[in-house]
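Structure record follows, encoded as structure tokens.
The numbers here are math on the coordinates, done by the rules we state, and not lab data. Here the structure is a predicted model, which means the values were calculated and not measured. No Cβ is skipped: glycine too gets one built from the backbone with ideal geometry, and neighbour counts run over all protein chains shown.
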Amino acid sequence: MNNQIHLKTVSLVTALLAALTAVLGLGLTALPATAANIPEADITISTESVVTKQWDQVDVKCTWSVPDKSQPGDTFSLQLPAELRWFGATTFDLKNPAGRTVATAAANDAGLVVFTLTDFVASHPLNVGGECSFTTQYALEPTHGGSEELNFVVGDSVVRVPVTTEPCTEDCDPGVPTSAGKSMWWADPAQTKLESIFYMPPMAFETNDVVVTDIPAAGMEINCSQVTPRVGKVVSTAGNIVEPYDNGQYPATIQCSPQSLTVSWQGLPKGEHVELFVVTTVTDSSLDVYENNGTVNISGDQHPVGTETRRSVASGTGDGTAETTPTPSPSTPATQTPTPTPTPTPTPSPTTSPTSAPPATPEPSPSTPPATPEPSPSITPPVVVVIPEEPAEPNEVDGREQLANTGAQGQGFIFIAAALLVLGSLFAFAGARRYGQRSH
């Protein structure tokens, strides 16, 4: 009895293992192909920008291509050199003329740009490539004029690109401003916020009242927590106020909303300098140009001021060619020539003239028995043997794609599952037989 229970347990465990193995095999059969990096991707890079100072904009253009039969999800990358900082939208699409996305690009804070192929290449696997353009900033202060070599890393190779540098050599600092004005620039590489400065000449009278207003255009909002007024007598060679500040001695009055800002000072002495820094947040990232206007009123003398900043754009193109499958020519079936059946010679009939009367039936001779006519042999129709047409050879498929879709591992697991099921059945049969013997 114990042996019977043992055999039943073994057969049950074997059946469970078979079922789990079969499920695992089916799961492996359905696994998709794994995306891969494309070290053979080709990228050429160029720029026509001229650098004069740190944070100057450097516009980069490129052309790209990948090997034929690259798969959706495959990637290739481009690493910016240390001299450049990515500037602008961190993601963009590379589309064909019909608007279909061939690849997507994403840049991180370290300047690594990763391109990922889309499902477009599955139906257009040949001649996949295109162009791209994006904006960077020169992160270093150029020290001399001439040509600097920038080293872009593409996969396992380095692409060397020259950039022209022409640093300022005289009258480079703007110095103390002589009139009221405003400047604005992007405050972050992702271009989600802008920073601006209102500047003005030193106070000209013994006592001065100053009022500054700021009105952002559509697509922008003032960040009221990042309004910074400054007052002081010391300025740098660039014309900006530096410590020690006089903010506590001449405090500013601030009235702020997302769409309007007013900052005022009263009783500023002669020679005092005033600045106002304002940060605005982008609310509409689809605009190409952002405008910000305002006024500076110094002791009743009002000056309209305004500025605009353009958004740098990263974009690209791509395309590919569909693979043409040759139309197979119909196979000519092999035919077997049937063995001809001999055609019997028919008994000749008497020739009858169409106009003559039918001949009279001859009287039989009394000594000669009438001849027995020989039966006409039946004519057997020829037999045609048709050989079934052989199937045409299948079109050759790229080996990489076959490996990705055959699911050979799953079939192996299913085979093992079948073997385990058979083994479990044998254990169950043995247990039943042993139980039958013991019951007798």
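Structural remarks
- Candidates per GluC sites (Glu not before Pro) in region 167-252, loop by DSSP, up to 15 other Cβ within 10 Å: 170, 206
- Comparing Cα centroids, region 61-92 and region 192-213 end up 44 angstrom apart.
- From the C-alpha gyration tensor of region 42-169, square roots of 5λ in Å: 31, 13, 12
- Order of 182, 233, 95 under a 10 Å beta carbon neighbour criterion, fewest first: 233, 95, 182
- Members of 193/233; 182/270; 193/270; 95/182; 69/95; 61/182 lying beyond 27 Å, as alpha-carbon distances in this model show: 193/233; 193/270; 95/182; 61/182
- Here's how it looks for residue 311: its modeled amide H is under 5 Å from those of 289, 290, which are all 5 or more places away or on a different chain.
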